[in-house]
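Below is one structure, written out as C-alpha cells, with a few remarks after it.
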Amino acid sequence: MSDSSDRSLNLHFLKEPVLRKLCEVLDKTNSKGWRKLGEMVGNDRRFRVSSDEMEMCSLKVLELEGSPSRVLLRLMGDRGCTLGHLVDLLQTMGHTEALQCVKPPGIQILIQPQSVAIIVGHNLRLSCYAVGKAGVQFQWFKTKEEVGSLLGFQLTDAGFYICRVNCGDSFEFSQWAQVDVLNVATSYGETLSFTSQSVHGQHCYYPQGQRLLVGDSLQLECGAVGRPIPRYQWHRNGVPLHFPEASKRRLTIPYLLLEHHGKYRCEICINNERTWTNEVDVLVGMSQSFILQYYNDDIDPTTDKVALLIGNLSYRNHPQLKAPMVDVYDLTNLLRQLNFKVVSLLDLTESEMRNAVDEFLLLLHKGVYGLLYYAGHGYENYGNSFMVPVDAPNPYHSANCLCVQSILKLMQEKETGLNVFLLDMCRKRNIHDDTTPNIPLRVTANIVFGYATCQDAEAFELSSSGFTNGVFVKFLKKRLLEDEKITVLLDRVAEDMGQFDATKGKQALEIRSSLSERRALTDPVLPGDSSDMALAHNRQWAKAHELPESMSLDFDCGAQIKLGFAAEFSNVLVIYTHIVKKPEDMFFCQAHVTNFSPDLDVDPKEMNRETPEETGIYLLSSSLPQHCLYTRLSSLQKLRDPLGFTVCLQGSFKAMDELVDWTTDVNIGKPLIARLDLYRTMRRNSCLQTCPMPHSPCHSPRAEHLHHHPQDLLSPHCSSPYLDVCEPLQGAVGGSGCVSSTLYDNCSFSRYGCTSSDSPGRASIPIETTDDINESGIRLWWMFVGLLCKS
C-alpha cells in the first residue's frame, strides 16, 4: 500500500471479488472479526457507527446469505472511509488475513471510463487511469475491434468501449463505457423536429407536437449530452409510460390509437439531477367518415375533459378516514391517462370546497366532459346528495355542506357535453336536516350518477395497517380505462362489486343516468373554437399545476445543495434536499428545511426525514430520488402568501468538534393550487347561488360577509490512457420529479363515513360495533346507527 492514490479509494469502490473475500474473512473471525472492527470504528468520530447500526449488522446473520461485514463496510464508506483508513484499522487489529485481501494486485485501475452522450461531430475523451508494479500500456476496443484515436464522433462510432491495461505479462480490462451519439439534424418521416435549449449549461434536444391519424406511427425523440449517459422516462398526461421504449431517447408507438392522444414529455436524469423536456401535444384524429361513424352521425365531439377529485379524511368533529387519499391518488393517475385535466385535493373546509367547485366550473364550457369524484362523509335527503367538509360541526346541516345537485345545475348552464358524478360516500338520511330541497334542473340527456352504495345505505373502505382503496374504487380502477359507454362501464363495476363476498348485502353500486348517447371517458378531445375566456381559464389551470423549478444552492463553505419538488396532489407538495458536493475536509454534512409559514401547520417531527414514508409520503415514495431528506407540505390551499422557508446546512470539519450552521432563505412563490387562493371565504357568488332553499349555503351564517375577489390569472499498443474521440463533458442538472401510481392491496374492512345519529339529542358520530365476514378471516367493522328508513 505504498501508493497514496491506492489509499484514497473509497470503500464503495472496492471490486466485488475483493469485497466478497474480505467479508468472508471478517464474518468467520471471532476475536478479530467485524465486531472488533465495529468497536474500533465506533471510537473514531470520523466514521462512528452507532450501537443501533451494529445491531442492524448483526441481524444479517439471520439471512440466507447475509453478511454483517458487508453492511458495516458500506456504512463506513457512506461516512467517507477509504481503503487507507481500513488498512490502518486492520493493522491495528493485527488481522493479517484481512490485510491480504485488500493488498493491491499487480495492476489496479483507479479511474474507470464513463459512459457519455455527445452530439455527432463533436470530440470526446474517454479516460482510464491505472497503476502497476511496472509501466502500464493501454489498448482501446469497440466491442471486439481495436481502435485508435477518433476525432469527430459519427453515428457509426456509437457503441460500447473498453480499455485493456497491460503490465508486463499481465493485463486487466476496465469496465464497459457506452458512447451515445445524438444526431439532431435528422427527422423521422418529416414529422419530427427539434428545439434546442440549454438547461443549466447542458444542451437538451426536445421534440415538437404532432398531428397524426389512427394507425400512423408516432416517433418522439429527445436527447441530452452529459456524462454519464442520461436516463430517460417518457410520460403521457403526467403519468409514466410502462413499456420498454418509454425508457429510451426515442419513443416509438408503431400503431396509434385514439387512447394515445395526449400531452407527452420526457424526464431526463443524469446522476441525481433531473430535467424535463417541454410538454408537447400529440393529437390523434380520424378521417371524417370515421368520426361520423364513431359518434353515430349525430353526437358532437368533446372539446375538453375536466375532473375535480376531492378526498376528505382528516375530519375535526367526525370519525377520520383512510381510503380517500389512496382513492383520489389512483383515480388521478387513471384519468390523466384519459387526457383529463385533473384537480386532486385533500381535506377541504366548507369555504375551500365551494371555491374549488367554483374553479372547476370556470373550466367548463360547451362540449366539455365534466367529472366530479368525492370520497368522504356524506348523506342524502329527499334525493339530494350532500358532501361534508372536514370542518363541519357535529351535528351538521345542509348549510354546512355542499349539495351535489346544486353543482349539477351550474354545470348544465355551461352546456357541458357530459356530467359525471362519482360519489363515494354514505347515503343515509340526516335526521338533523328536515328541510325539503327545491333545485330545478334542466332536462338533459347527458347526466350520469355513480353512487358507491344504494339509497339509505353505507359505503365502506378497506381497513388495514397500510393504505388501500375503498370498495368502490377497488373495482372502479380496474375498469376505468375501458373504451365503453360510461353507463356500461359502471354496470360492469356494479357486477364486479356484486361478486365481492365481503360486502354482499351491505354495499351495492347504484347508477342513475339520463344518457341517451354513446359517451365514454375515453372519447378523444377534438378542440373546437374555444372562447378567449375558456383559453384563459385553461392557462390558469395549467399555471396552478406547475411545480417550482428545482434549484442548486451554494454555501460559503463550498457545499452545494440540490432542492427538488414533487406533487403528490394538487394541494400537497413534497420538498427534498440532497447534498451535491461538500469540501474534502468536511466529514459531516446535512441540509434541512425549516421556518415554514404558520398557514401550513407543518409538524417539525415529520419534516426532513430520511425516508418518504416517515413524513407521510406513502403514494409517491417510489418516484422520488433516494438519499435525500424529505418534507411533505399539505393543505397548500390555506397558503395566503408566497411560500418562503429557510434551508439550513449543518456541517463539521476534521479540525473542529462543533457543528457549524449556514442558512439561506428561499421563496418559491405560491406553488400548485395555492395560486388560486381557495382559502378566501366565499370568493365568488356562483357556487353560493346553487341552492334556492332555506337551508342553502346562500342562507348560511358563513355567507353573511360575502365579498367578490378577482381571480389571479389563473490498433498497436498505445501508451495513452485516453481514447481521444477532446474536451470532457459535464453532467446535466434538472428539474423535479412526478406523480406515479402506487397501488396497495390489503384485505380487511372498516366502516366508511356515516355521520347521522339515532336521536336528535345525541352526537352524530355513529356507534361502532363489529360484524364477522367470511373472507379469509377478514373482519368488517360496522358503525350502526338507528336511522329512519326512507320509504
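Annotations
- Sites R680 and Q455 - FRET efficiency at Förster radius 60 Å, r taken between beta-carbons, to 0.05: 0.95
- Volume per residue that the Cα convex hull of segment 304-543 spans, once the total is divided by residue count, Å³: 124
- Measuring nothing but protein heavy atoms, the accessible surface of segment 544-676 at 1.4 Å probe radius is 43 percent carbon and sulfur.
- A simple rule links phi to the HN-Hα coupling: the Karplus curve 6.51 cos²θ - 1.76 cosθ + 1.60 with θ = phi - 60°, which for segment 474-490 gives 3, 9, 5, 5, 6, 10, 4, 8, 6, 7, 9, 3, 4, 5, 5, 4, 5 Hz, with x for Gly and Pro.
- Segment 108-182, dipole about Cα centre (Lys/Arg Cβ +1, Asp/Glu Cβ -1), debye to the nearest 20: 120
- Amide proton proximity set for V239, modelled H, under 5 Å, gap of 5+: none
- Highest to lowest packing among 241-247, 609-615, 177-183, scored as the average C-beta count within 10 Å: 177-183, 609-615, 241-247
- With the highest mean first, a sort of the peptides 422-433, 274-285 on other beta-carbon atoms found within 10 angstrom per residue produces 422-433, 274-285.
- Intensity falloff of segment 544-676 expressed as log10 I(q)/I(0), Debye formula with alpha-carbon point scatterers, at q = 0.11, 0.13, 0.22 Å⁻¹: -0.39, -0.54, -1.36
- Label-point gap, in nm, between R231 and T156 - each point 7 angstrom along Cα→Cβ: 3.4
- The residues packed around N272, meaning those with a beta-carbon under 12 Å from its beta-carbon, carry a net charge of +3 if Lys and Arg are +1 and Asp and Glu are -1.
- In the frame of its principal axes, segment 196-290 has Cα extents of 50, 24, 19 Å, reported largest first.
- Rg/Rh (Cα only; Kirkwood hydrodynamic radius) as it applies to segment 85-129: 1.32
- Note on segment 196-290: with charges restricted to the Cβ of Lys and Arg (+1) and Asp and Glu (-1), its dipole about the Cα centre is near 240 debye.
- Figure legend: label point modelled 7 angstrom from the Cα of Y382 along Cα→Cβ; residues of segment 405-437 with amide N under 14 Å from it are 405-406, 430-437.
- Two-site FRET efficiency, T611 against T664, from Cβ-Cβ distance with R₀ of 25 Å, rounded to 0.05: 0.50
- Amide H within-cut-off set for D391, under 5 Å, with H built and near neighbours excluded: E350
- Residue ranges 379-386, 315-322, 665-672 sort as 379-386, 315-322, 665-672 when ordered by packing (mean number of other C-beta atoms within 10 Å per residue, highest first).
- Under 5 Å, built H, 5+ apart or other chain: amide partners of S513: F449
- For the pair K248 and H12, the difference between a 0.36 nm per residue extended length and the Cα-Cα distance amounts to 82.1 nm.
- Cα lying deepest toward the dipole's positive end in segment 544-676, options A544, I575, S634, charges on Cβ: A544
- Lysine pair count for segment 11-102 [Cα-Cα under 20 Å; pairs on different chains or 8 or more apart]: 7
- Here, segment 108-182 yields an orientationally averaged convex hull projection of 4.7 nm² when only Cα atoms define the hull.
- FRET efficiency for D491 and K366, using Cβ-Cβ distance with R0 set to 35 Å, rounded to 0.05: 0.80
- Relative contact order [Cα under 8 Å, 6+ residues apart], segment 544-676, whole percent: 29
- Scattering curve values for segment 532-616, log₁₀ I(q)/I(0), Debye with Cα scatterers, q = 0.19 Å⁻¹: -0.99
- Viscosity 0.890 mPa s, temperature 25 °C, Stokes-Einstein D of segment 219-275 from Kirkwood C-alpha radius, µm²/s: 205
- The modelled label-to-label distance between K21 and Q178, using points 7 Å beyond Cα along the C-beta direction, is 3.2 nm.
- Spin-label pair L600/E145, simplified geometry with 7 Å Cα→Cβ offset, distance in nm: 5.6
- Table column - 3J(HN,Hα) (Hz), segment 520-526, Karplus curve with 6.51, -1.76, 1.60, x for Gly and Pro: 10, 5, 7, 3, x, 8, 10
- Positive contributions from Lys and Arg (+1) and negative ones from Asp and Glu (-1), summed over other residues with Cβ under 14 Å from the Cβ of I439, come out at 0.
- For a paramagnetic label modelled on R45 (point 7 Å from Cα along Cα→Cβ), amide N atoms under 12 Å away belong, within segment 618-657, to 652-657.
- Here segment 577-627 is treated as a sphere whose radius is the Kirkwood value from Cα pairs; by Stokes-Einstein at 25 °C and 0.890 mPa s it diffuses with a coefficient of 187 µm²/s.
The values are calculated or read from the model by the stated rules, or taken from the named source; none is laboratory data. In this text the structure is predicted, and so the values were computed from the model without any measurement. Positions of Cβ are generated from backbone atoms using ideal geometry, with glycine treated the same way; all protein chains shown enter the neighbour counts. Remember, those area values only see protein heavy atoms, side chains included, never the ligands or the DNA or RNA. Shrake-Rupley method; radii C 1.70, N 1.55, O 1.52, S 1.80 Å.
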